[in-house]
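S.K.: My questions all concern the structure below.
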Amino acid sequence: DLVMNAPGDFVKEEEIRSYLTAQVVAPVYWEKGVRHMEEKGVELFIEIGPGKTLSGMNRKIGVKGKTISIEKVEDLEAFHDTAQR
């Protein structure tokens with residue numbers, strides 16, 4: 001399943017292209033999307049890329065699950081090693 005920011009909800013595969021475009025010009029609904037994921041039982045959020053903006057947003061909105069930020073290859077390797085235990 002995929003949650004996208006433009007609708008702030010789960011989307012079908014055939015909708016992805018149109019929502020990618022919409023995310024550039026329309027408001028995004030980060031909190032709404034995260035809440036939908038929590039309702040579906042998501043307990044781990046992984047932010048990939050430079051910075052920890054989304055991790056910070058999750059903290060501010062009170063996400064119950066864990067949020068991990070992966071900025072470098074070393075972070076990914078450490079996450080992989082931890083997940084294998």
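S.K.: Rank-order 2-10, 19-27 by packing density, defined as the average count of other C-beta atoms within 10 Å over each peptide's residues, highest first.
M.R.: 2-10, 19-27
S.K.: Another question about this same structure. Given 10 °C and 1.306 mPa s, how large is the Stokes-Einstein diffusion coefficient of region 39-85 in µm²/s, with Rh as the Kirkwood radius over Cα pairs?
M.R.: Approximately 139 µm²/s, per Stokes-Einstein.
S.K.: Could I get the Rg over Rh figure for the chain? Both from C-alpha atoms, Rh via Kirkwood, rounded to two places. Could the numbers behind the result be given before it?
M.R.: Values: Rg = 14.0 Å, Rh = 14.0 Å.
So for the chain, dividing Rg by the Kirkwood Rh gives 1.00.
S.K.: Determine the percent antiparallel among the DSSP beta bridges restricted to the chain, to the nearest 5.
M.R.: Percent antiparallel among DSSP bridges in the chain is about 40.
S.K.: List, in order, the whole-Hz ³J(HN,Hα) value for each residue of region 69-80 obtained from phi through the Karplus relation with A = 6.51, B = -1.76, C = 1.60 and θ = phi - 60°; use x for Gly and Pro.
M.R.: 10, 10, 9, 10, 4, 4, 5, 5, 5, 5, 4, 4
S.K.: Further question on the same structure: If you stretched the chain out fully between residue 42 and residue 80, how much longer would it get, using 0.36 nm times the residue separation minus the C-alpha to C-alpha distance?
M.R.: 11.8 nm
S.K.: Convert each backbone phi in region 27-42 into a coupling constant with the Karplus relation 6.51 cos²θ - 1.76 cosθ + 1.60 (shift: θ = phi - 60°), then list the ³J(HN,Hα) values in order as whole Hz, x for Gly and Pro.
M.R.: x, 9, 10, 4, 4, 4, x, 5, 4, 4, 5, 4, 4, 8, x, 5
S.K.: Within the chain, what whole-number % of the accessible surface is contributed by carbon and sulfur, with the 1.4 Å probe and all protein chains included in the calculation?
M.R.: Looking at the chain in its full context, I get 54 percent from C and S.
S.K.: Additional query: Using a simple spin-label model with points 7 Å from Cα along the Cα→Cβ vector, what separation in nm is obtained for residue 66 and residue 25?
M.R.: Reported label-point gap for residue 66 and residue 25 is 4.1 nm.
S.K.: Right, another one. With every protein chain present, what is the per residue accessible area of region 3-85 (1.4 Å probe, Å²)?
M.R.: Spelled out: the 1.4 Å probe surface of region 3-85, per residue, equals 74 Å².
S.K.: To continue, here is another question. Can you compute 3J(HN,Hα) from phi for each residue in region 54-62, using the Karplus curve 6.51 cos²θ - 1.76 cosθ + 1.60 with θ = phi - 60°, rounded to whole Hz and x for Gly and Pro?
M.R.: Values, residue by residue: 5, 4, x, 5, 4, 5, 5, 8, x Hz.
S.K.: Given the DSSP H assignment, sum -39500 (n - 2.57) over each helix run of at least 4 residues in the chain and divide by its residue total; what's the result at 222 nm in deg cm²/dmol, nearest 500?
M.R.: -14500 deg cm²/dmol
S.K.: Right, something else. Can you give me the long-range amide H partners of residue 52? Hydrogens built in the peptide plane at 1.01 Å from N, cutoff under 5 Å, separation of 5 or more residues or another chain.
M.R.: It is none; the list stays empty.
S.K.: A further question on this structure: Using a ≥ b ≥ c from the Cα gyration tensor of region 4-53 (square roots of the eigenvalues), is it rounded, prolate or oblate, where a/c under 1.5 gives rounded and otherwise the larger of a/b and b/c decides, a/b for prolate?
M.R.: oblate
The values are calculated or read from the model by the stated rules, or taken from the named source; none is laboratory data. These figures come from a predicted structure and were not determined experimentally. Every residue, glycine among them, receives a Cβ derived from its backbone with ideal geometry; neighbour counts consider all protein chains shown. To get the accessible areas, we keep the full protein, side chains included, count just its heavy atoms, and leave off ligands, DNA and RNA. Shrake-Rupley method; radii C 1.70, N 1.55, O 1.52, S 1.80 Å.
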